[in-house]
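The values are calculated or read from the model by the stated rules, or taken from the named source; none is laboratory data. Everything numeric here is computed off the predicted structure, so don't read it as measured data. Here the Cβ is made from the backbone with ideal geometry for all residues, glycine too, and neighbour counts use every protein chain on show.
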Amino acid sequence: MPIGDSPCAPRFDAGLIAGTLGSLFDQIWQWDQDLYHALHVGVRSAALDPWMRLITDTGLGWVQALILGIVLWARKSWRPSVLLVFGSAVFCGLVRLPAMRWFDRMRPSNFEFASPMEDIFGNSSFPSGHTATSFAIAFSVWFLVKGTRYAWLGPALTAWALAVGISRIYVGVHYPSDVFGGAAFALMTSATFFLILQRLRKGSEPVSDQSDQSESEEVSSSPSK
């Protein structure tokens, strides 16, 4: 019996797989539109508009750079950590530019039912830049302050970044999947930057420090004559 005819051999139906993936993407696309409609139209109100605009403005690159600059000036001892956070956010913001051209996704603000609070249209939807830089800051800080007395900053900033992402849907210029994509990219970027920083810190530790410490311990433990 030929190998291909063996009952134990895997059988793949390309048409079935393509059809399944197509149905899955269609379902995700439908969920994307439904959730966008719910957040942009369903909960839209005059009372929420100014708050959502304020939250979404905190996702602007120059606002985030200004805040990080103030922290850097006020706490010079935090310079390596602040530069890590800044670098992670800048990287996300820069990589997002070619990414949105490659994905070439239409903004949801082009829908007939949409009434966006920002005049942003065209095919530059995926991923969300505001969300990416905000989550890059939040995740980077979370990694840096874990296990310290500032550990509460991690969840707090992540909640802020999530609010920025939701506000981008609310104001009508991004799909939920744009927000998810921006957050996922920010997680990968911030984790990579943090691991690089950890490796640099370990590499900069002088080897003599450990030997000096062991020698001092031996001296202190030896009986005095």
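Here is a yes/no grid of residues against (1) in contact with a Phe, Trp or Tyr (Cβ under 6 Å, 6 or more places away or on another chain); (2) within 26 Å of LEU153 (Cβ to Cβ); (3) among the aliphatic types (A, V, I, L, M); (4) in a helix (DSSP H, G or I):
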| site | (1), (2), (3), (4) |
| --- | --- |
| TRP31 | no, no, no, yes |
| ASP34 | no, no, no, yes |
| MET52 | yes, yes, yes, yes |
| ILE55 | no, yes, yes, yes |
| VAL63 | no, yes, yes, yes |
| LEU66 | no, yes, yes, yes |
| GLY69 | no, yes, no, yes |
| LEU72 | no, yes, yes, yes |
| TRP78 | no, yes, no, yes |
Does GLY93 meet the test of being within 19 Å of the chain's Cα centre (by Cα) and at pLDDT 90 or above? yes
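Does ALA161 satisfy the criteria of being in contact with a Gly (Cβ under 9 Å, 6 or more places away or on another chain) and part of a helix (DSSP H, G or I)?
Yes: the conditions hold for ALA161.
Regarding LEU144, is this residue at pLDDT below 95, closer than 23 Å to ILE67 by Cβ and part of a helix (DSSP H, G or I)?
On the way: at pLDDT below 95: yes; closer than 23 Å to ILE67 by Cβ: yes; part of a helix (DSSP H, G or I): yes.
Yes: the conditions hold for LEU144.
Each row is one residue, and each column tells you yes or no for (1) of a type in the set (A, V, I, L, M, F, W, C); (2) over 28 Å from ASP34 (Cα atoms); (3) crowded, with 22+ Cβ neighbours inside 10 Å; (4) in contact with a helix residue (DSSP H, G or I) (Cβ under 9 Å, 6 or more places away or on another chain).
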site	(1), (2), (3), (4)
GLY147	no, yes, no, no
TYR150	no, yes, no, yes
LEU153	yes, yes, no, yes
THR158	no, no, no, yes
LEU162	yes, no, no, yes
ILE169	yes, no, yes, yes
VAL179	yes, no, yes, yes
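Looking only at segment 122-145, how many residues end up being of a type in the set (S, T, N, Q) and surrounded by fewer than 23 Cβ atoms within 10 Å (Cβ to Cβ)? Full working, then the answer.
Of the residues in segment 122-145, the ones of a type in the set (S, T, N, Q) are 123-125, 128, 131, 133-134, 140.
Then keep just the ones that are surrounded by fewer than 23 Cβ atoms within 10 Å (Cβ to Cβ); that gives 123-124.
Qualifying residue count for the region: 2.
Could you run through segment 91-113 and say how many residues are surrounded by fewer than 17 Cβ atoms within 10 Å (Cβ to Cβ), among the aliphatic types (A, V, I, L, M) and either free of Cβ contacts under 8 Å to residues at least 40 places away in the same chain or closer than 16 Å to PRO176 by Cα (or both)?
If we filter segment 91-113 for residues that are surrounded by fewer than 17 Cβ atoms within 10 Å (Cβ to Cβ), which is where we start, we get 94-95, 97-98, 101-104, 106, 110-113.
Those still in the list that are among the aliphatic types (A, V, I, L, M) too: 94-95, 97, 106.
Among the residues that remain, those that are also either free of Cβ contacts under 8 Å to residues at least 40 places away in the same chain or closer than 16 Å to PRO176 by Cα (or both) are: 94, 97, 106.
Going through segment 91-113 one residue at a time, the tally reaches 3.
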Determine which single condition LEU197 fails, assuming it passes every other condition in (1) in contact with a Pro (Cβ under 8 Å, 6 or more places away or on another chain); (2) at pLDDT below 95; (3) under 24 Å from ASP34 (Cβ atoms). (3)
Could you list, ordered by first residue, the pairs with Cβ atoms under 6 Å in which the first is in segment 22-37 and at pLDDT below 95 and the second is not polar (S, T, N, Q), at least 6 apart or interchain? ASP32/TYR175; ASP32/PRO176
Go through (1) over 13 Å from the mean Cα position of the chain (by Cα); (2) part of a helix (DSSP H, G or I); (3) in contact (Cβ under 8 Å) with a residue 60 or more places away in the chain for LEU195 and report which single condition fails. (3)
Checking the structure you have, find out if any residue of segment 94-109 is touching a helix residue (DSSP H, G or I) at 6+ places or on another chain (Cβ under 6 Å), within 14 Å of SER190 (Cα to Cα) and part of a helix (DSSP H, G or I). no
